[in-house]
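Inspection log for the structure reproduced underneath, given as structure tokens.
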Amino acid sequence: MKSALSASLMVAFLLGGCASGPNQSPSLAPRPIEKVTFDAPSENPPPAPVAPDADLQKQIDGFAARIGQSARDFDAALPNARAAIDKGARAPQGSDAWVVAQQSLTTLQTAAEASSSALSDIDELYLARLDTAIGGGSVAGLDALRSIRERAAAQTTAQRETLAKVSAAFN
């Protein structure tokens, strides 16, 4: 019994040291060490983009022309396709209006496919150039390729979304 009383007094004595005064709860503010950043300042600025060589620039210009033509073709076909599909959706399957709607939808899909094809070709060239750069070769033109790729990808995505909405009205 005496040892139990001694143990109880010892625990009470030790716990008393953990108690703090009234209204003295620990601060949740960041400690000074938590405000220190360990990011080393960059000693070298990022490299300036390297302009593409003449051959690559010619390919990039060709991609830009293909993407532009696809956008013009798609935008030109879209109003006719919407009108034909609105009319064909109400017509019986196999009727003239239904066939015209199918043809208009195919024309729109063909225009959208041109963007997708250009994007695929850009990706192929970009990955080949990236492999060369990783192997220690020239990085010339990677930024220009990345830029035209982003443009083609955005256009392809927008055309696919529009095509899905238009074709959903027909189905």
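The values are calculated or read from the model by the stated rules, or taken from the named source; none is laboratory data. Because the structure is a prediction, the values reported are computed rather than measured. Cβ sites come from the backbone with ideal geometry, for glycine too, and all protein chains shown count toward neighbours.
A few remarks follow.
- Odd one out for Glu161 among (1) acidic (Asp, Glu); (2) modelled with pLDDT of 95 or more; (3) surrounded by 14 or more Cβ atoms within 10 Å (Cβ to Cβ): (3)
- Residue in segment 105-114 that is part of a helix (DSSP H, G or I) and over 19 Å from Phe170 (Cα atoms) present: yes
- Criterion violated by Arg149 - all others in (1) loosely packed, with under 13 Cβ neighbours inside 10 Å; (2) among the basic types (Lys, Arg); (3) in contact with a helix residue (DSSP H, G or I) (Cβ under 6 Å, 6 or more places away or on another chain) satisfied: (1)
- Qualifying residues in segment 66-90 (those that are of a type in the set (Asp, Glu) and surrounded by fewer than 16 Cβ atoms within 10 Å (Cβ to Cβ)) - the one farthest from the chain's Cα centre (by Cα): Asp86
- Test: residue in segment 71-89 that is farther than 21 Å from Thr156 by Cα, out of contact with any helix residue (DSSP H, G or I) (no Cβ under 6 Å at 6 or more places or on another chain) and not hydrophobic (A, V, I, L, M, F, W, C): yes
One line per residue, one yes/no per condition, for (1) under 19 Å from Leu56 (Cα atoms); (2) in a loop (DSSP other than H, G, I, E, B):
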| site | (1), (2) |
| --- | --- |
| Ala89 | no, no |
| Gly94 | no, yes |
| Ala97 | no, no |
| Leu119 | yes, no |
| Leu145 | yes, no |
| Arg160 | no, no |
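- Which numbered condition Pro79 misses (of (1) closer than 17 Å to Phe170 by Cβ; (2) in contact with a Pro (Cβ under 6 Å, 6 or more places away or on another chain)): (2)
For every residue, the table says whether it meets (1) surrounded by 14 or more Cβ atoms within 10 Å (Cβ to Cβ); (2) among the polar types (S, T, N, Q); (3) touching a residue at least 60 places away in the same chain (Cβ under 8 Å).
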{"position": "Pro92", "(1), (2), (3)": "no, no, no"}
{"position": "Trp98", "(1), (2), (3)": "yes, no, no"}
{"position": "Ser115", "(1), (2), (3)": "yes, yes, no"}
{"position": "Glu124", "(1), (2), (3)": "no, no, no"}
{"position": "Leu142", "(1), (2), (3)": "yes, no, yes"}
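- Look at (1) over 30 Å from Thr162 (Cα atoms); (2) modelled with pLDDT of 90 or more; (3) surrounded by 11 or more Cβ atoms within 10 Å (Cβ to Cβ) and you find that Asp55 fails only one, number (3).
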